[in-house]
Each structure stands twice: as C-alpha cells, then as structure tokens.
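Notes to accompany the following structure.
The values are calculated or read from the model by the stated rules, or taken from the named source; none is laboratory data. Not measured: the values here are computed from a predicted model. Note that we place each Cβ from the backbone using ideal geometry, even for glycine, and neighbour counts take in every protein chain shown.
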Amino acid sequence: MLDVFDLVIFGGSGDLSRKKLLPALYAGFVAGRVAAESRIYLTSRSGLKGDVYEWLQEVFAESQPACPVEEAQLETFASMVSVVQLGLSEEGEDWISLKESLDSKNERPLVHFLAIPPGLFTSTCELLGKYELNGERARVVLEKPLGHDLASAQAINADVGRAFEENQTFRIDHYLGKEAVQNLLALRFSNILFEELWSGRTIDHIQITIAEDLGVEGRAGFYEGTGAMRDMVQNHLLQLLCLVAMEPPARMDADSIRDEKLKVLKSLKQLSGAEIDRDVVRAQYASGAMNGAAVGSYAEDLKLDHPSNTETFVALKAHIENWRWAGVPFYLRTGKRLPDRFAEIVIQFKQVPHSPHPGWGNNIKPNRFIIRLQPEDHLALRMMVKNHSAKAETLKEVEMNLDVTGDDTIRLGPYLRLILDAVRGDQSLFVHRDEVEHAWRWVDRIIEHWDQSGEPPETYQSGTWGPYEAHDLMTRDRREWFHESNNRKAAR
Ligand code: BG6
C-alpha cells in the first residue's frame, strides 16, 4: 500500500526544489510511487507568479522529470501542491496558517524538507518547534552541506536537536540514494567472493571519482567560499569511501550501517601539513572549451573583480588506519568543467606475483572491478584472457559486464527514494550527526592548512582532467587514473 504523506519543502521555489525535488516527486507520482492523496507544500517568501499548474509547467520545461509530462497527470499533480507564503525566520500569521493546514490531517507522516541554506536551519527548526510541528509524526530532512566546518555543524546539530530527536532527523546525502550505491552494499555483503578479496591482501588501491562537465552555473552565491572540498569531498566522496571500506554490519539497519561508517571516518589518517601539500591537490578552472565551444574561467563565470581561492577541483590520497586497509591508498577526485560527467569507484587489485609465461610478462594488467554510479548503473570486472585469434601466446584484457539495471521504465532517482524513506522513518541511507562531525574534523584540517598557507589553488583549463599535479599524485606512486569510459571503448 502506498504511503500517504504531507511534505513541506522549505525553499519550495528554490534551485533544489525546482531542479531535483519536484521533478522526482512528479516522476514518482506518474510511476505510482506517490499517492495522489499526499500533499506537497512549497514555502516561498514571495509566493509564485501565476497558478501552480503553469508554474510547474515552467519548472518541468527547465528540469525534466524522468518521464514525459502529460496534461492530465500534471493537473492532478498540481492539485496536490500548495504554495505557502512564508518568511522563514518571521513568526506570525503565515506559520499559523501552515500549522492549521497541516494539523487537519494529523495522522499522516509529515516531512519537513529544508532545501534552504544551512544558516537558516536553526531558526526554521526553532519555529517548527514553537508551532508544534515537530510531534511524533514529523521528521526533518536537512540538505547538505551541514554547516561550513566542524563548529558550525555541531551548532546546527545541537539547535536542530532541541526541536527534533535524532530519530526524526534525516541528514541527506543524495549519493546514498543512488541505485548503484545501494547495489554496492548488496554486492559486498551478499557475495562471499568479494568479501574474501576485499582488503589490502589483494587490493592495490581504490579510486573514487565524481567528475562533472558543468561549471558552477547559477550557483555562484553558494559556491564562492564553499568550494569542492566542502561541497563534494566532505559528504559525497567520504560517504562513498565509507561504503567501500566499512566492515560488514551485523544487520542492514540504520544504526548498524551508520556505526560501521563512523568507524571508517574515525580511522581516516589525519594528514600533516607536509602530507597535505604533497597529497592533496586543489585547483580552479580557467577558461577553455567544452564540446567545441569556448567557456569562461571560474572568475569570469562568477563575474568576480578580485581573485578567488575557491577550488573547483580536488584530488587527494587518503589512508584508513585499520587492519583491513593498512597500506591501501584511497584516491579521491572531483571537479567541475571536466571533459565528461561520471561517477565511479575503481577497485584495483594487485599484480599477479609471478608470470609463468615469458611472453606474457609486461602484458598483464591488474584486475579491476569498476562500479559505475552514473550516468548509468553498471558493474564491470576486467580480467586477462588469452588473445584468441593471435597465433602467438599473447594476452588481452576483457571486461565482464554485469547489467544491474532493473526493468523500471522510469528511473526514479535518489531524491524520491530518500523522501520515501524519510516518510517511512527509515534512516539507513541518511547520515548520523557523528558521521557529519567526523567528516568535518578530517576536512577542516586540510582547509585550515590551505588558509594558513595563503597559497592560491592551481588552475586547469576547462575541458581537461584537472591540473598536472592531479596526474602527478598518481604517477609518482606508479599508478594512473582510470578513465573507464575511454578504456572501455578501447577494449571493445
Ligand atoms: C551536489 C553539489 O551535492 O551534488 C553540486 O552541491 C554537484 O555542486 C551535485 O553538482 C552533483 O550531484 P549529481 O547527482 O548530479 O552527481
């Protein structure tokens, strides 16, 4: 049976709501995953121009849902949506009318999604408490980034904690809602094969890349002063690292999973100043070309009249100090304006210890297991086999592709999955406050060192794979970044 819920999106006419949440909810509704009796309230300081139906038409023209938008369905969906004019930190009439609308159906789960800057989390939660919208049926979803550093994250967690219990608090990291990420857990903990190989005994190193081809686009105000370390590494990349590296949880419930992830974050080696200088690369995109068209630099995109130290690219080497992972480097990389958009995890195994055939020697490539998170969900295992047609005894690398896509006609995406989990009160794919704080502790150390050094970031041409230093990070360890898409083409 479908859950019927009330969802309030604070920041309902903002970027996240328009680009991700509403398209996801619409596709969920069309796919029969969101009951038509549910209600979606969008709070907006200035209200909307025109009626909801027309506004949604515009929103979906810009950010297309994962299914076609058809008139009759959009009409029904629009009838589920109400716009509430509301100043977030101003108590009074608006809040009273929101409360009245919500109180009339007080048996349903009530999800408050805070799609607003973290600076507004405290006052919004305070008012949710004051107007008693934090009762048992209520949950609050906090969009990342949670704070700006450890101190601000702790303050937010404490403030939110005054209005909502931890089991009502859902800190979202939409990467955890991606289908392939959940598949990673299924794969690791339902196959003995991987568990036996999953350690420094057989694994040489692990690479995790989230590459984006877009620049900072319309998010200039948010991005300047945030940067890739806070925007991507502190959350998405470290969460992926946790899922790859964690020990098998006793049960697949929220507490057990989050306990194991926390142990990984606690085991991350704190980098010294010299290690940061050597093993953490930060850079900002310069002008260049994307798909043959000239594009401007970061400073030009932001129309800055002063130089900026905000990084749009980070590549780093991390170590997990425990028995399983001692000596196995984790290379993390993310950047904007790179040649391609993809996210993938590459598990690279060790070389064979000895080659029994003289002709094979230099030809043997290490096995690689590739978990592609986007644009498509895909698993691939790369292995060496005999080159079938060749006369001489030679080897070639082949790829075993595992199709893990389901038969859903509509790809529902992570936000719908996570909203529905919040409706059901399932926190397994949400981040515990201790995880957020430990991740900040690790990242803060690096950012503080950068601030103290006063050095500007490196630069890289838009449309390239980042600065030379990112390549050097690998080549000096006699390793290389694996661009699976290029290599896959080459291997076919
Ligand atoms: C967001 C970041 O959390 O993730 C953005 O704030 C980034 O800067 C986005 O573009 C990437 O998400 P996805 O799912 O498109 O890879």
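Among the residues in the range 407-417, are any surrounded by 14 or more Cβ atoms within 10 Å (Cβ to Cβ), more than 16 Å from the ligand (Cβ to nearest atom) and not in a loop (DSSP other than H, G, I, E, B)? The answer is no, given that none of the residues of the range 407-417 is surrounded by 14 or more Cβ atoms within 10 Å (Cβ to Cβ), more than 16 Å from the ligand (Cβ to nearest atom) and not in a loop (DSSP other than H, G, I, E, B). For the range 40-47, the criterion of being on the phi > 0 side of the Ramachandran plot, outside any helix (DSSP H, G or I) and under 27 Å from the mean Cα position of the chain (by Cα) is satisfied by no residue at all. When Arg139 is tested against the conditions (1) part of a loop (DSSP other than H, G, I, E, B); (2) in contact with a Gly (Cβ under 8 Å, 6 or more places away or on another chain); (3) not acidic (Asp, Glu), the lone failure is (1). The condition (being modelled with pLDDT of 95 or more and over 28 Å from Phe369 (Cβ atoms)) is satisfied by just one residue among Arg476, Arg433: Arg433. Kindly indicate whether any position in the range 225-244 is within 16 Å of the ligand (Cβ to nearest atom), more than 19 Å from the chain's Cα centre (by Cα) and either surrounded by fewer than 19 Cβ atoms within 10 Å (Cβ to Cβ) or among the aromatic types (Phe, Trp, Tyr) (or both). Looking through the range 225-244, at least one residue is within 16 Å of the ligand (Cβ to nearest atom), more than 19 Å from the chain's Cα centre (by Cα) and either surrounded by fewer than 19 Cβ atoms within 10 Å (Cβ to Cβ) or among the aromatic types (Phe, Trp, Tyr) (or both).
Go through Phe113, Phe170, Phe164 for me and flag whichever is modelled with pLDDT of 95 or more and more than 22 Å from the chain's Cα centre (by Cα).
Sole residue among the options that is modelled with pLDDT of 95 or more and more than 22 Å from the chain's Cα centre (by Cα): Phe164.
Condition (residue is under 27 Å from Thr334 (Cα atoms) and at pLDDT below 95) applied to the range 126-143: is it met by at least one residue? Among the residues of the range 126-143, at least one is under 27 Å from Thr334 (Cα atoms) and at pLDDT below 95, which makes the answer yes.
Looking only at residues of the range 190-224 that are within 21 Å of Glu321 (Cα to Cα) and under 19 Å from the mean Cα position of the chain (by Cα), we find that the one that is farthest from the ligand (Cβ to nearest atom) is Ile206.
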